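What follows is a single structure, written as structure tokens, with notes after it.
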Number of protein chains: 4
Amino acid sequence: MSVIMEFAIFPIDKGEHVSQYVKKVVDMIDGLPYKSELTPMGTIVECETMEECLSVISKANSILEQDAGRIYCTATFDNKPGKSDQMEHKMKAVRGK
Amino acid sequence: MSVIMEFAIFPIDKGEHVSQYVKKVVDMIDGLPYKSELTPMGTIVECETMEECLSVISKANSILEQDAGRIYCTATFDNKPGKSDQMEHKMKAVRGK
Amino acid sequence: MSVIMEFAIFPIDKGEHVSQYVKKVVDMIDGLPYKSELTPMGTIVECETMEECLSVISKANSILEQDAGRIYCTATFDNKPGKSDQMEHKMKAVRGK
Amino acid sequence: MSVIMEFAIFPIDKGEHVSQYVKKVVDMIDGLPYKSELTPMGTIVECETMEECLSVISKANSILEQDAGRIYCTATFDNKPGKSDQMEHKMKAVRGK
């Protein structure tokens with residue numbers, strides 16, 4: 001199975017500069033056993049199941065709840081049950097000759 | 001606590017008409033003990049915790065995985081730890097005099 | 001033609017309470033000739049064309065740029081060329097007769 | 001000025017495999033004078049203004065309307081009026097020195 005998730009999560013009660021909070025989330029994701037990619041707009045993670053992807057959001061939210069009074073999160077999921085390694089495959093399908 | 005989630009989930013391998021699949025998800029949400037609201041673009045649910053909101057997505061995804069070979073989902077979350085009844089409050093704050 | 005857009009736009013450099021800014025955007029949308037619906041997570045607008053929907057975001061952004069140093073916006077679009085009145089139709093299709 | 005946009009756009013009436021349609025959009029973006037980055041979940045574009053970013057969505061939608069009866073699009077925008085080169089800056093702020 002393969003679920004690719006793109007998500008962003010950040011406090012919205014801490015003013016314009018939120019990178020110190022986002023950094024904690026990114027460090028947590030780096031420690032997970034999932035393929036992931038940091039982008040200028042969020043993080044892309046590939047898991048086996050939807051539940052694994054959702055648990056990444058849960059962990060990220062728990063980290064931010066320690067400091068923040070309001071947290072905003074956006075996420076999109078592309079779930080292909082029965083497929084694997086879709087991050088690479090999708091890039092090739094669009095970029096390939 | 002209060003987390004408001006807006007989400008949409010649907011198969012993208014079933015052609016243009018997906019309401020029969022979406023209906024199953026909406027029926028499931030109707031059976032949950034959370035305040036929710038169907039919109040033309042998705043469903044809005046208010047839960048106590050992020051984990052409860054995420055479990056709604058998990059349940060919706062499980063329903064669609066029974067039929068679909070590819071599922072797309074978008075979600076946004078507005079988490080205000082320490083607050084409650086935010087769906088109503090947010091509407092009043094913007095609409096109120 | 002019919003494009004339904006769900007979008008949210010708000011400053012993220014103004015602290016936790018942003019309803020005074022969101023209110024200005026909602027008032028602007030109320031003055032437009034499009035069918036629209038305020039939700040606890042954003043606004044849903046139905047236009048004839050994608051360009052009309054995008055111009056609503058542009059107007060909302062211009063309003064917020066007067067005050068804010070950082071603005072975040074999320075949007076989803078469901079475009080059915082050749083259809084009309086989809087906001088109503090979609091609700092009926094899922095809610096049944 | 002600097003607006004970073006992350007967006008995805010694809011037909012949802014063409015079955016599971018949509019890369020041939022997405023490829024046309026990616027080729028169009030490659031021809032634009034904006035800094036951009038293809039990801040497994042969409043494309044990230046940095047423009048001077050919101051209007052330039054929105055015009056990229058408009059162009060992408062016009063390409064897909066030639067073939068598709070239903071098009072879905074998601075987008076998020078991070079607008080920092082008065083800043084520039086934010087794609088690079090944001091990555092550095094989170095990844096640290």
Original post:
Can you run phi through the Karplus equation (6.51, -1.76, 1.60; θ = phi - 60°) for segment B:8-13 and list ³J(HN,Hα) in whole Hz, with x for Gly and Pro?
Top reply: 9, 9, 7, x, 10, 10
**OP:** Sticking to Cα atoms, compute the Rg of the protein assembly as shown to one decimal and its Dmax as the biggest Cα-Cα distance, whole number, in Å.
**Re:** 19.2, 60
Subject >> Closest Cβ on chain A to the rotation axis that carries it onto D (distance rounded to whole Å) >> reply: A:Thr39, 3
Original post:
To the nearest 10 degrees, how steep is helix C:19-30 against the longest Cα principal axis of chain C, on a 0 to 90 scale?
Top reply: 40
**OP:** Return the long-range amide H neighbours of D:Thr39 (sequence gap of 5 or more, or a different chain), with a cut-off of under 5 Å between placed amide H atoms.
**Re:** D:Ile44
Original post:
At A:His17, label 7 Å along Cα→Cβ: distances to the other copies, nm, ascending?
Top reply: 2.5, 5.0, 5.6
Original post:
How far is D:Glu37 from the same spot in each other copy, in nm, shortest first, if each label point sits 7 Å from Cα toward Cβ?
Top reply: 1.0, 3.5, 3.6
**OP:** Would you mind ranking B:Leu38, B:Leu54 by Cβ crowding within 10 Å, fewest neighbours first?
**Re:** B:Leu38, B:Leu54
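Need one number: the % of Cα-Cα pairs in segment B:1-53 sitting beyond the 18 Å mark.
Values: 458 of 1378 pairs.
Value for segment B:1-53 (Cα pairs over 18 Å): 33 percent.
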**OP:** Quick one: angle between helix D:86-95 and the longest Cα principal axis of chain D, in degrees between 0 and 90, rounded to 10, please.
**Re:** 70
Original post:
Once phi is turned into ³J(HN,Hα) by the Karplus curve 6.51 cos²θ - 1.76 cosθ + 1.60 with θ = phi - 60°, what whole-Hz value does each residue of segment D:36-53 show in order, with x for glycine and proline?
Top reply: 8, 8, 7, 10, x, 10, x, 10, 10, 10, 10, 10, 6, 10, 4, 4, 5, 4
Original post:
B:Lys23: which aspartates and glutamates have alpha carbons under 18 Å from its alpha carbon, excluding same-chain residues fewer than 8 sequence positions away?
Top reply: B:Glu6, B:Asp13, B:Glu37, B:Glu65, B:Asp67, C:Asp78, C:Glu88
Subject >> Relative contact order, percent, chain B [alpha-carbon distance under 8 Å, six or more residues apart] >> reply: 48
**OP:** Could I get the Rg over Rh figure for chain C? Both from C-alpha atoms, Rh via Kirkwood, rounded to two places.
**Re:** 1.01
Original post:
Around C:Lys83, with a cut-off of 12 angstrom between Cβ atoms, what is the net charge of the other residues, counting Lys and Arg +1 and Asp and Glu -1?
Top reply: -4
**OP:** Would you look at the GNM of chain A, springs on alpha carbons closer than 10 Å, and say which of A:Lys23, A:Lys59, A:Lys35 moves the most?
**Re:** A:Lys23
Subject >> Distant-in-sequence amide H partners of A:Ile12 (H built 1.01 Å from N, under 5 Å) >> reply: A:Arg70, A:Ile71, A:Tyr72
**OP:** Only helical DSSP H runs with n ≥ 4 go in: add -39500 (n - 2.57) per run for the protein assembly as shown, normalise by residue count and round the 222 nm mean residue ellipticity to 500 deg cm²/dmol.
**Re:** -12500 deg cm²/dmol
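Each value in this text was obtained by applying a stated rule to the coordinates, not by laboratory testing. A quick note: this is a predicted structure, and the numbers were derived from the prediction, not measured. Glycine gets a Cβ as well: all are built from the backbone with ideal geometry, and neighbour counts include every protein chain shown.
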